[in-house]
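Only one structure is covered here, and it is reproduced in the block below.
The values are calculated or read from the model by the stated rules, or taken from the named source; none is laboratory data. Remember, predicted model here, so these are calculated numbers, not experimental data. Methodologically, a virtual Cβ is constructed for each residue, glycine included, from the backbone with ideal geometry; neighbour enumeration extends over all protein chains shown. Ligands, DNA and RNA are excluded from the accessible area calculation, which covers all protein heavy atoms including side chains. Shrake-Rupley method; radii C 1.70, N 1.55, O 1.52, S 1.80 Å.
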Amino acid sequence: MNVIDLATINSFHKDRITEFGADSCRALGWRAQENQQLRFSVLSEIGNLGHCSVLDVGCGNADLLAYMRERYTGFQYTGIDQMKAFVEVAFSRFGHLADTRFLLGDFSVTKLPA
């Protein structure tokens with residue numbers, strides 16, 4: 001991702017974090033949690049994600065992980081986000097879980113797990 005794209009994304013989220021708090025779906029750009037949940041529902045139509053490995057690029061607060069935990073078991077989850085505030089919220093919520101990890105960085109240049 002080029003420097004202008006990174007700056008634009010950072011500015012957008014910093015403004016929303018200031019307005020709504022880092023733990024809010026609104027800070028992530030969602031108008032309502034229902035919209036976010038609908039997206040997760042559509043994404044999960046790919047198939048049973050139990051016993052799979054999931055890379056959540058732009059994981060935000062790991063709300064996808066929360067959604068998946070209600071529906072699937074035995075999966076490995078890696079979330080990556082470039083916003084430190086989001087990764088901190090995600091880690092505080094789920095960092096204790098086995099087979100769960102979070103990375104801070106730009107997915108296009110960060111070494112991703114194998």
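A few points about this structure:
- Test result for residue 91, open to solvent by 40 Å² or more (accessible area, probe 1.4 Å), under 30 Å from residue 4 (Cβ atoms), in contact with a strand residue (DSSP E or B) (Cβ under 6 Å, 6 or more places away or on another chain) and at pLDDT below 95: no
- Restricting the range 70-84 to residues that are free of Cβ contacts under 8 Å to residues at least 40 places away in the same chain, on the phi < 0 side of the Ramachandran plot and touching an Asp or Glu at 6+ places or on another chain (Cβ under 9 Å) leaves a set whose member that is surrounded by the fewest Cβ atoms within 10 Å (Cβ to Cβ) is 76.
- The residue list 112, 97 contains one member that is open to solvent by less than 80 Å² (accessible area, probe 1.4 Å), of a type outside the set (Val, Ile, Thr) and modelled with pLDDT of 95 or more, which is 97.
- Beta carbons closer than 6 Å, at least 6 apart along the sequence or on distinct chains, pair a first residue in the range 85-114 that is under 19 Å from residue 51 (Cα atoms) with a second that is open to solvent by 30 Å² or more (accessible area, probe 1.4 Å) and not aromatic (Phe, Trp, Tyr) for 99/76.
- Put simply, of 38, 49, 65, 6 the only residue that is modelled with pLDDT of 95 or more and open to solvent by 30 Å² or more (accessible area, probe 1.4 Å) is 38.
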